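These notes are about the structure you will find just below.
The values are calculated or read from the model by the stated rules, or taken from the named source; none is laboratory data. Everything quoted here is computed from the prediction, not taken from an experiment. Don't worry about glycine lacking a Cβ; one is built from the backbone with ideal geometry, like all the others, and counts go over all protein chains shown.
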Amino acid sequence: MKVLFIGGTGKISSACTPLAVERGYEMYLLNRGQTDRPVPAGVKLLNGDIRNPESARAALADHKFDVVVDWIAYTPDHVETDLALFRNRTGQYIFISSASAYQSPPVNLPVTESTPLDNPYWQYSRDKIACEERLMRAYREEKFPMTIVRPSHTYDKTMLPMQGGWTVIDRMRKGQQVIVHGDGSSLWVLTHHSDFAKGFIGLLGNNRAIGEAFHITSDELITWNQIHEMLARAAGAPPPQIVHVPSDLLNAFDARWGAGLLGDKTNSMIFDNTKIKRISPDFACTIPYERGAQEVISWFDADPARQVVSDEFNQLTDRIIAAYERAWEGL
């Protein structure tokens, strides 16, 4: 198969590209060539900017593809550009949506692909929902051969899962207090990008995936307390000094932080992966987060320049904790 990835060197796609090459696909990447991640040998690069339709058309020339995957479409305008570019140019178009598009908070667990899409808290998620709705309309009205994929919290070695990133690890190593939203007991799923890739590759060129949506996640359920504890162990830090702060209070201090919490991470999320396992039978997640956390910390420790500590986030953390502790003083 001849496959085009738009992007193809991001946190998730950087595991899918080499696996596709390993499986023998003829791989093309359309991007601006601005990435620190290496491109696997044998991949053909098309240098163009998908945000500039003329640039993209020039890069695509007269190519046609069995599969096109857009890893970096976030708004309906982006989808409209893709529809204009790839009508009659591909046998399958895969849109990378987000599991945060599902109903928030979920009324029923586990979440399946038929769970309603409804997130009133996070604009990012509402934009992804609007993209999905546009693609479903294109499928119904013109038989545009689309497939929707909804990753949940998928990570690679460069990614820490909590607001503040490395600053939180630095605080834990110093024995300082760190914030965990709610009481830290909500269930979460973290999926290593190489595990995600095993499920994703099974969708490429698969006729049974046309007109369908799939989420691809690990089945390992861990709490946010456990996530911080695993990262502390991986970092050789003492047990984390966790301060539990309600998500709505965090939102009052920082609306960007709050949007990601209220629209996603505050809620326990359990996914039923039956559908992707049925269509991609070799999909199995084999990297638990305990091991993934070690990989992440090792990557940061390998180069001190990666260990960026934010004074702004430190000050925000201290301010929130001080306000929260003052509220307890009057009881």
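Scanning segment 1-11 for residues that are surrounded by 22 or more Cβ atoms within 10 Å (Cβ to Cβ) and not small (Gly, Ala, Ser), we see that the one that is farthest from the chain's Cα centre (by Cα) is Val3. For segment 251-266, the criterion of being in contact with a strand residue (DSSP E or B) (Cβ under 8 Å, 6 or more places away or on another chain), buried (at least 21 other Cβ atoms within 10 Å of the Cβ), of a type outside the set (Phe, Trp, Tyr) and assigned to a loop (DSSP other than H, G, I, E, B) is met by at least one residue. Tell me which residues, restricted to segment 128-170, are within 20 Å of the chain's Cα centre (by Cα), hydroxyl-bearing (Ser, Thr, Tyr) and surrounded by fewer than 20 Cβ atoms within 10 Å (Cβ to Cβ). Within segment 128-170, just Thr158 meets the criteria. Taken across segment 193-202, residues that are closer than 30 Å to Val309 by Cα, assigned by TED's automatic domain parsing to the domain that holds Glu312, of a type in the set (S, T, N, Q) and modelled with pLDDT of 95 or more do not occur at all.
Regarding Arg173, is this residue closer than 30 Å to Val67 by Cβ and either surrounded by fewer than 22 Cβ atoms within 10 Å (Cβ to Cβ) or touching a Cys at 6+ places or on another chain (Cβ under 7 Å) (or both)? In short, no. Selection within segment 302-322: residues that are in a helix (DSSP H, G or I) and in contact (Cβ under 8 Å) with a residue 60 or more places away in the chain. The member of this set that is surrounded by the most Cβ atoms within 10 Å (Cβ to Cβ) is Thr317. With the condition kept exactly as written, say whether any residue in segment 94-115 is in contact with a Ser or Thr (Cβ under 8 Å, 6 or more places away or on another chain), over 23 Å from Thr191 (Cα atoms) and buried (at least 22 other Cβ atoms within 10 Å of the Cβ). No, the conditions are met nowhere in segment 94-115. Tell me, yes or no, whether segment 226-233 has at least one residue that is at pLDDT 95 or above, among the acidic types (Asp, Glu), closer than 19 Å to Gln177 by Cα and surrounded by 17 or more Cβ atoms within 10 Å (Cβ to Cβ). For segment 226-233, residues at pLDDT 95 or above, among the acidic types (Asp, Glu), closer than 19 Å to Gln177 by Cα and surrounded by 17 or more Cβ atoms within 10 Å (Cβ to Cβ): present. Where strands (runs of 3 or more DSSP E) sit wholly within segment 158-239, those with at least 3 residues that are under 23 Å from Pro116 (Cα atoms) occupy 213-216.
What about Val67, is it surrounded by fewer than 22 Cβ atoms within 10 Å (Cβ to Cβ), closer than 24 Å to Thr191 by Cβ and more than 19 Å from the chain's Cα centre (by Cα)? So Val67 does not fit the description; no. Would you be able to say whether some residue in segment 109-127 is under 17 Å from the mean Cα position of the chain (by Cα) and closer than 16 Å to Val69 by Cβ? No.
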